[in-house]
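Student: Just dropping this structure here.
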Amino acid sequence: MAQQRDEDSFRSQVEDRLDHLFQEDAPEAAEEQVGVVEHPLKNLKAVLLSIDWEITDSTMDGLLNEIKNVEYVYSEDKIILTFLQLLGSMGRYVKANKGGAHPEATRVINSVYEALEKVAMTQGMPRPEKERILLEEVAKFKRLKEQVVLRKAEKKEPAVFESSPAPPTPSPAPAPEPERSSVKEVPVPEEPRAEPGAEARFSGMSPHEAFAYALEEIKEVIRAEFRALRAEIKLWRESK
Amino acid sequence: MAIINLKKKEVQAKIVYYGPGRGGKTTNIEYLYKKFRSRIRTEMVTIKTHGDRTLFFDFLPIEIGKIKGYDIRVQLYTVPGQVKYESTRRLVLRGVDGIVFVADSLAVRRKENVLSLKSLADNLASYKKSILQIPLVFQYNKRDLLEEGIPLLPVEWLEKDLNSKLKAPSLEASALKGPNVVQTMKKIIVMTIDSLRKDLT
C-alpha cells in the first residue's frame, strides 16, 4: 500500500515536472490560407509527398502523369506551366537515377512545388510577384543542374540517360517562355548503398565489428558530402 | 541501459525515436528544440547528409531536474530512417530505455511502417531486449495532411498493423505543426522513468 503510494507520488512528480517544463503556449492564430482539398493540385501534392529516396518507377510515373493532368488544367497560365515543366524535368531526372540522383534534387522539387502551390492558391497575387517567385525557383533549378553537370565532369562518368528538358527561363515580362536545350545529366552516387546481403553479414557480427562497419559507412558518406561541398565551392568561386 | 549513479543520485535515460525514413522523427526533435529551447537549455546535435537526411542520429539532452532527490536527465535520439543505415540504427539502439515509434500515416507508407517495426524488434532482440517489454509509445504522424485531402491510413489500420499485439499507448500527431509532439515525449519519459524507478529504491 505504502509502496503503491510512493510509486504514484514518483510518477506524478515526473508528470508535474514535465508539465512545467513543456507547458505549451496558447496556440497561435491559424494563418488564413486556402486549402487544397478540392484544388487541382491536390493529387500532385499527394504524389510528391509519397516520394522518398526509395523511389520507384510507379511513384515517379505517377508524378509525371499528375504533372500532365495539372498542365491540362492550367494550359492557359504560362507561369504555372513553367513551374510544372521544372517539376517534370526534375521528375524525369530522379526517375532515371533513383537513389543515385543528386540529393539536392528532392529538396529542389519540394521547393518548386511549394512555390507553385503559393502562386496557384494565393488569391489576388500580382503577376510580378508570381514571376519573382518563379525566377527564384528557376535559379535553384539551374544551380542543381550545374551541380549535376559538375559532378559528372569530376567523376568523368559517361552519360547514361536521355536528355531532360532544359530549365525554363522566364523573362520578367510579359510572360516566361521555356527554352529548351539538351544537357545530359549523369547519375552520381552520393551516398553509400548497402550491398545485397549486408544484413546477413551483420547478423553474425560482434558489436565491435558492427561499429567498425558503421564507421566505414559514415566515412564514405562524409567523403561524398565533402565531394559535393567542394563542387559547390568551386561553382561559387567560378561565379565570382 | 540507463546510467544510474546511486552515489551521486543521478539518472540518465535514453529514449530513441524510431520509424521509417521521412516519417518525421527528426521533425519531432526539432519541434521540441525550437519550441522549448530556452527552457531546455541544452543544444541539439544533428548530423545530416547533403540531402538533409539524418546521417547518424539527432541528439537532444533534456534536464528534467531533481525528483525524489535524484537528478534526472533524458537523452532523446533519432535513428536514420533510410533502409541502408541498418547497422547505424542498431548502434543507436544500444542501451535504449524507451522507444517512440514514429509511424508515417501516408497511405503509401503502410509497408514501410511494418518493415520498420520488424527491424526495431529484431534490433532490440540483438541486445536481448523484447519489444513487448520495453516502454514504447506509437506516434501516428502527419495526421494534419488529412485536412489537405492527402490519402492517409486510418488510425484503425495503423493500430491493427502495428499495435494489435503490443497494445502500447498511441497518439495521432503532426510533428510539423506540433499537435501531440509534446504529449508523445511526456508519455514516453514518464513510462521510461517509471520503468527505471525500481532501480532507484
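The values are calculated or read from the model by the stated rules, or taken from the named source; none is laboratory data. All values derive from a computational prediction rather than experimental measurement. Virtual Cβ from ideal backbone geometry, glycine too; neighbours counted across all protein chains shown.
Student: Among the residues of region A:83-113, which ones are within 14 Å of another protein chain (Cβ to nearest Cβ) and either within 15 Å of residue A:50 (Cα to Cα) or among the small types (Gly, Ala, Ser) (or both)?
Tutor: Listed by number, the residues that qualify are A:94, A:98, A:99, A:100, A:101, A:105, A:106, A:107, A:109, A:110, A:111, A:113.
Student: Out of A:67, A:55, which single residue is of a type outside the set (D, E, K, R), outside any helix (DSSP H, G or I) and either more than 9 Å from chain B (Cβ to nearest Cβ) or at positive phi (or both)?
Tutor: A:55
Student: Residue under question is residue B:11, and the condition is that it be more than 18 Å from the chain's Cα centre (by Cα), among the hydrophobic types (A, V, I, L, M, F, W, C), closer than 25 Å to residue B:90 by Cα and at pLDDT 85 or above; does it hold?
Tutor: Here the answer is yes, as residue B:11 does meet what is asked.
Student: Here is a follow-up. Provide a single number: the residues in region B:132-181 that are in contact with a helix residue (DSSP H, G or I) (Cβ under 7 Å, 6 or more places away or on another chain), under 16 Å from residue B:17 (Cα atoms) and not in a loop (DSSP other than H, G, I, E, B).
Tutor: The total comes to 9.
Student: Test residue B:73 against the criterion of being facing chain A (nearest Cβ under 10 Å), at pLDDT below 95 and either more than 17 Å from residue A:46 (Cα to Cα) or assigned to a helix (DSSP H, G or I) (or both), and give yes or no. Before the answer, list the steps.
Tutor: Details: facing chain A (nearest Cβ under 10 Å): no; at pLDDT below 95: yes; either more than 17 Å from residue A:46 (Cα to Cα) or assigned to a helix (DSSP H, G or I) (or both): yes.
Spelling it out, it is not the case that residue B:73 is facing chain A (nearest Cβ under 10 Å), at pLDDT below 95 and either more than 17 Å from residue A:46 (Cα to Cα) or assigned to a helix (DSSP H, G or I) (or both).
Student: Using the structure shown, decide if residue B:121 is away from chain A (no Cβ under 11 Å), part of a helix (DSSP H, G or I) and not polar (S, T, N, Q). Don't jump to the end; show me each part of the working.
Tutor: Working: away from chain A (no Cβ under 11 Å): yes; part of a helix (DSSP H, G or I): yes; not polar (S, T, N, Q): yes.
Yes: the conditions hold for residue B:121.
Student: Another question, then. Applying the selection to region A:22-44, what residues are assigned to a helix (DSSP H, G or I) and at pLDDT 80 or above?
Tutor: A:44
Student: I'd like to verify a number: residues in region B:106-118 that are under 18 Å from residue B:150 (Cα atoms) and either part of a helix (DSSP H, G or I) or of a type in the set (S, T, N, Q) (or both), how many? Show your work before the answer.
Tutor: Taking region B:106-118 first, the residues under 18 Å from residue B:150 (Cα atoms) are B:106-113.
Right, trim to either part of a helix (DSSP H, G or I) or of a type in the set (S, T, N, Q) (or both) and you get B:107-113.
Of the residues in that region, 7 qualify.
Student: Enumerate the pairs (first residue in region B:89-105 and part of a strand (DSSP E or B); second residue anywhere and among the acidic types (Asp, Glu)) with beta-carbon separation below 8 Å, excluding pairs fewer than 6 apart on the same chain, so at least 6 apart or on different chains.
Tutor: B:104/B:112
Student: Now a separate question. For region B:128-152, enumerate the residues that are more than 11 Å from chain A (Cβ to nearest Cβ) and surrounded by fewer than 23 Cβ atoms within 10 Å (Cβ to Cβ).
Tutor: Residues satisfying the conditions are B:128, B:129, B:130, B:131, B:132, B:133, B:134, B:143, B:144.
Student: Mind listing whichever residues of region B:44-63 are away from every other protein chain (no Cβ under 12 Å) and at pLDDT 75 or above?
Tutor: B:44, B:45, B:58, B:59, B:60, B:61
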